[in-house]
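What follows is one structure encoded as structure tokens, with my remarks underneath.
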Amino acid sequence: SARDTEGHGSHTASTAARNNIVNASFSGLAEGTARGGFHQQGLLHIKYAMFIRIIFVSEFYSVPVAIGAFHAAENGILVVQSAGNSGTLGKQTVSIVAPWILTVAARTIDRLFIDKPDRNAPSGDILAAYSPVASHSTTTTDRRRVKYNIISGTSMSCPHVTGVVAYVKTFQPHWSPSAIRSALLTTAFPMDPSNNPDGEFAYGSGHVNPVKAIDYGLVYDTVKGDNIRFLCSIGYVEGTIRIVTGHNSSCPEKTLPRDYTYPTLTAAIPQYLLKLQHISYNSKLEIKVVSQVLSFKSLMEKKPYNVTVTGKTLKPFL
């Protein structure tokens with residue numbers, strides 16, 4: 001809960017939603033006015049613990065969070081989750097990659113303390129509320145208590161995005177979870193991978209931009225049945241689909257993963273091609289969109305467009 005015995009729940013909940021608190025600090029550090037990502041009267045905060053298998057992506061039907069998030073999305077609730085703190089171990093450390101979940105990683109910010117100069121992630125050195133019954137140190141005999149604490153981890157970046165989701169919802173109260181997710185992904189600040197090519201796939205769509213998220217352009221929205229069709233497209237059969245959906249569901253038609261309405265493009269790359277071309281600022285791939293401008297005359301109107309990607313054939317790394 002938000003008032004737990006270790007402080008994690010209080011910290012994340014107050015980051016997502018909290019009124020302005022003046023003179024907040026951790027023993028004098030990061031002193032100032034603290035506020036959450038969104039102001040509201042109440043907050044439903046659900047805390048869970050789960051062991052995630054590293055490197056190997058888990059099947060959706062074997063992960064309770066993926067199943068629960070599926071039902072949440074079907075009922076108009078967007079689930080936001082942390083990407084996890086195992087990125088330093090290598091690639092493919094995000095085990096839950098369900099497209100109906102908004103997964104959040106971390107990005108560096110400028111925060112300088114007089115005692116250990118450093119640049120940290122928005123998941124790093126975040127000041128937020130802390131449980132009054134929890135010790136802020138790792139020593140169990142420490143009886144000191146604080147109202148605010150500075151913690152690092154992707155658990156701290158996730159509530160930032162959760163606050164943005166709630167913010168966008170106030171402007172578009174009737175939007176579906178996928179529409180809100182689309183607005184956040186398509187308006188994010190692009191991240192330049194030139195200094196860290198291996199980090200390109202860790203950046204996702206970029207850094208969340210709350211102001212631009214309410215000034216969205218084209219919205220990629222899913223309709224009822226799209227999530228089931230996606231499961232069918234990746235090889236799920238009636239039995240495994242039923243575990244996720246909780247009811248009798250079958251594949252209505254044959255589809256491909258690329259047919260799923262999502263604000264990104266995917267391409268199937270043979271496994272033996274170990275040296276990949278990345279789409280970045282210095283990419284050798286050329287992307288052409290026709291039409292570049294879409295004119296809509298009514299609400300909820302849909303229009304098609306074509307995206308063509310051209311470039312040199314990928315060659316295996318020898």
When you look at Ala166, is it of a type in the set (Gly, Ala, Ser), touching a residue at least 40 places away in the same chain (Cβ under 8 Å) and not in a helix (DSSP H, G or I), yes or no? no
Identify, by number, the condition in (1) surrounded by fewer than 18 Cβ atoms within 10 Å (Cβ to Cβ); (2) outside any helix (DSSP H, G or I) that Tyr236 doesn't meet. (1)
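On the basis of being open to solvent by 30 Å² or more (accessible area, probe 1.4 Å), part of a helix (DSSP H, G or I) and not hydroxyl-bearing (Ser, Thr, Tyr), does Arg181 make the cut?
Judged against the criteria, Arg181 is not a match.
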Taking Lys224 as meeting all but one of (1) modelled with pLDDT of 85 or more; (2) open to solvent by less than 50 Å² (accessible area, probe 1.4 Å); (3) not in a helix (DSSP H, G or I), write down the number of the exception. (2)
Among the residues of region 109-125, are any among the small types (Gly, Ala, Ser), modelled with pLDDT of 85 or more and surrounded by fewer than 22 Cβ atoms within 10 Å (Cβ to Cβ)? no
Name the one entry in Pro252, Pro316, Pro263 that is in a loop (DSSP other than H, G, I, E, B) and modelled with pLDDT of 85 or more. Pro263
Could you list, ordered by first residue, the pairs with Cβ atoms under 7 Å in which the first is in region 195-207 and surrounded by fewer than 16 Cβ atoms within 10 Å (Cβ to Cβ) and the second is at pLDDT below 70 and not charged (D, E, K, R), at least 6 apart or interchain? Pro197/His278; Gly199/Pro193
Filter region 71-98 down to the residues that are at pLDDT below 85 and in a helix (DSSP H, G or I), then identify the one that is nearest to Asn227 (Cα to Cα). Gly87
Looking across region 138-177 at residues that are surrounded by 12 or more Cβ atoms within 10 Å (Cβ to Cβ) and of a type in the set (S, T, N, Q), the single one that is farthest from Asn23 (Cα to Cα) is Ser176
Within region 18-28, track down each residue that is part of a strand (DSSP E or B) and open to solvent by 50 Å² or more (accessible area, probe 1.4 Å). Ile21, Val22, Asn23
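The values are calculated or read from the model by the stated rules, or taken from the named source; none is laboratory data. Remember, predicted model here, so these are calculated numbers, not experimental data. Ideal geometry is used to build each Cβ from the backbone, glycine not excepted, and the neighbour counts take in all protein chains shown. Ligands, DNA and RNA are excluded from the accessible area calculation, which covers all protein heavy atoms including side chains. Shrake-Rupley method; radii C 1.70, N 1.55, O 1.52, S 1.80 Å.
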